[in-house]
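Structure first, then comments.
The values are calculated or read from the model by the stated rules, or taken from the named source; none is laboratory data. All of these numbers come straight from a predicted model, not from anything done at the bench. Reconstructed Cβ throughout: ideal geometry from the backbone, glycine too, with neighbour counts over all protein chains shown.
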Amino acid sequence: MTTALITHADCLDHVTPDGHPEQVARLEHVLHALAGMPLQRETAPMVEDGDLLRIHPQAHLDQIRKAAPDAGHHQLDADTWMSPGSLTAAYRAAGAVVRAVDMVLGGDVQNAFCAIRPPGHHAEKQTPMGFCLFGNAALAAKIALDKHGLSRVAVVDFDVHHGNGTQDLLWDDARALVITSQQMPLWPGTGAASERGKHGQIVNVPLPPESDGAHMRAAYEAHVFPRLREFAPELIIISAGFDAHQDDPLAQLNWSTEDFRRLTQDLCKIADECAQGRVVSTLEGGYDLQALAASAKAHVEVLMEAGA
Ligand SMILES: [Zn+2]
């Protein structure tokens with residue numbers, strides 16, 4: 001058993017305007033950091049529309065397709081842009097998580113990391129937002145549940161921003177435990193502990209600005225790990241954003257690269273206990289290029305140790 005790295009060069013063709021934090025160089029830095037590691041490298045397929053329809057209505061697919069420009073940029077909201085390559089990049093990103101779930105649940109690999117962009121956890125049912133077009137992590141959950149027939153999956157989102165899209169897409173699905181920690185207050189403003197999902201299966205863990213890795217660990221030990229163990233998911237999906245890093249320019253948490261390593265170890269340990277070690281991780285945010293690359297590398301090193 002091993003760790004799959006799923007990506008596609010098309011994800012580098014999603015080009016944002018100069019100075020935009022969600023830039024091509026992010027993925028280049030991550031891939032460079034992972035170069036030479038003994039991963040099972042896989043090319044992300046294009047997602048099927050039929051799979052996207054598990055999380056988004058046809059109107060959303062039509063909206064995104066129509067918004068793709070032939071040249072230049074098209075602005076979807078204050079933060080979210082499309083270039084001529086964005087539609088294909090988004091289809092590859094969503095295709096990557098589908099492939100990852102297929103490989104992990106098919107027993108081809110122990111776990112998988114999807115090095116993709118655009119990210120996904122802010123995309124709501126009919127609303128692209130926050131650099132995101134399609135809800136990649138929620139799609140991974142639906143594929144595991146509806147295509148592979150699992151009964152329980154968990155999504156753990158440690159991106160510094162609230163996973164409002166994942167929460168929206170899985171709000172009424174009792175089979176999906178969604179745990180999302182985020183700096184609060186911070187954009188997009190949602191993610192209070194009182195937001196609990198239709199079946200109480202959504203767990204929001206707000207963290208105060210300037211809090212560090214020790215604060216995060218205490219919060220996870222109090223609110224996240226016990227809930228995960230109680231739910232006993234058959235697969236853990238990680239929305240792996242690295243923008244809680246102390247060097248990140250978009251937020252004010254003070255996690256270190258080693259905090260991401262240790263958190264990944266804790267999640268892999270729980271996956272070992274209840275999910276046969278099965279983990280699918282997908283890249284979300286992370287906007288300091290060096291911190292992103294180092295943290296993603298530490299995250300994948302742990303996946304590889306867990307899959308060895
Ligand atoms: Zn983020």
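Do we have residue 119 as surrounded by 19 or more Cβ atoms within 10 Å (Cβ to Cβ), assigned to a loop (DSSP other than H, G, I, E, B) and of a type outside the set (Phe, Trp, Tyr) here? Answer is yes for this residue. State whether one or more residues within the stretch 236-245 are within 15 Å of the ligand (Cβ to nearest atom), β-branched (Val, Ile, Thr), outside any strand (DSSP E or B) and touching a His at 6+ places or on another chain (Cβ under 9 Å). No. Considering only residues in the stretch 267-292 that are part of a helix (DSSP H, G or I) and within 16 Å of the ligand (Cβ to nearest atom), the one that is farthest from residue 80 (Cα to Cα) turns out to be 291.
For the stretch 76-87, the count of residues that are in a helix (DSSP H, G or I) and at pLDDT 95 or above is at least one.
What are the residues in the stretch 51-75 that are in a loop (DSSP other than H, G, I, E, B) and surrounded by fewer than 16 Cβ atoms within 10 Å (Cβ to Cβ), if any? Break it down into steps so the answer makes sense when it comes.
Step one: of the stretch 51-75, the residues in a loop (DSSP other than H, G, I, E, B) are 53-57, 68-73.
Passing the criteria: 53, 57, 69, 70, 71, 72, 73.
Within the stretch 136-144, one or more residues are under 17 Å from residue 243 (Cβ atoms) and either at pLDDT below 95 or within 15 Å of the ligand (Cβ to nearest atom) (or both).
If you scan the stretch 1-53, which residues turn out to be polar (S, T, N, Q), touching a residue at least 60 places away in the same chain (Cβ under 8 Å) and either in contact with an Asp or Glu (Cβ under 6 Å, 6 or more places away or on another chain) or more than 25 Å from residue 110 (Cα to Cα) (or both)? Spell out how you get there, then give the answer.
The first filter runs over the stretch 1-53 and keeps only residues polar (S, T, N, Q), leaving 2-3, 7, 16, 23, 40, 43.
Subset that is touching a residue at least 60 places away in the same chain (Cβ under 8 Å): 2-3, 7, 16, 40.
Of everything in the stretch 1-53, just one residue is polar (S, T, N, Q), touching a residue at least 60 places away in the same chain (Cβ under 8 Å) and either in contact with an Asp or Glu (Cβ under 6 Å, 6 or more places away or on another chain) or more than 25 Å from residue 110 (Cα to Cα) (or both), namely 16.
Using the structure shown, decide if residue 265 is closer than 29 Å to residue 19 by Cα and surrounded by fewer than 24 Cβ atoms within 10 Å (Cβ to Cβ). Give the steps one after another, and end with the answer.
Values: closer than 29 Å to residue 19 by Cα: no; surrounded by fewer than 24 Cβ atoms within 10 Å (Cβ to Cβ): yes.
Spelling it out, it is not the case that residue 265 is closer than 29 Å to residue 19 by Cα and surrounded by fewer than 24 Cβ atoms within 10 Å (Cβ to Cβ).
On the given criteria, is residue 146 over 26 Å from residue 188 (Cβ atoms), acidic (Asp, Glu) and not in a loop (DSSP other than H, G, I, E, B)? Taking the combined requirement at face value, the residue satisfies it.
Quick test for you: out of 229, 261, 278, pick the one residue that is more than 26 Å from residue 118 (Cβ to Cβ) and of a type in the set (Lys, Arg).
Values: 261 fails: more than 26 Å from residue 118 (Cβ to Cβ); 278 fails: more than 26 Å from residue 118 (Cβ to Cβ).
Going through 229, 261, 278 in turn, just one is more than 26 Å from residue 118 (Cβ to Cβ) and of a type in the set (Lys, Arg): 229.
Contact map, the stretch 233-248: first residue over 18 Å from residue 178 (Cα atoms), second residue among the β-branched types (Val, Ile, Thr) and surrounded by 24 or more Cβ atoms within 10 Å (Cβ to Cβ), Cβ cut-off under 6 Å, separation 6 or more or different chains; pairs are 243/160; 244/160.
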